[in-house]
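No lab work stands behind these numbers, since they all come straight from the coordinates. These figures come from a predicted structure and were not determined experimentally.
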Amino acid sequence: MINAFAAEALQLRKRLAPIIIGGSWLVMVVGFGFAVPYIVYAALDPVTQAAERAQLLGSLLPSAVHHAAAGSYPLFGGAVMLILGVLITGSEYRWRTWPARLSQGPTRTHRGSDAPGHGRAGGFPPATPGAVRERRRRPG
């Protein structure tokens, strides 16, 4: 399990997609969490709308940064994480490594294990229909 996690972490470090997606999320947080409220703050009349200006100014101060970041996560976080997931797993699909990953049986150390999910009983099936098709196409 630790080796698999280390291998996936190495893949993420080598790919540029997480950095680009993280940067775009940061730009959206700064843009929509701070730039747009500042534009609204600057557009409000200081004489007639002083209460609204004071409320917006309170949300723009550094003490409210965590509220703006946490408040923007439901707006952008789900979509950004979906795009990140597609970018990360898309190459696995394109390189046709999903059938190999999904059809791998238990390792030699887990063959005698009675734990659920190990071996052929109680876990995922040993092969998916796509993996079976892939095996039939390949000569040898």
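Over all Cα pairs of segment 1-42, how is the pair count split among 5 Å bins, expressed in % and running from 0 up to the last occupied bin?
5, 21, 14, 13, 12, 11, 9, 7, 5, 3, 1
On average over all directions, what projected area in square nanometres does segment 30-91 have, based on the convex hull of its Cα atoms?
Average of the hull's projected areas for segment 30-91 equals 5.0 nm².
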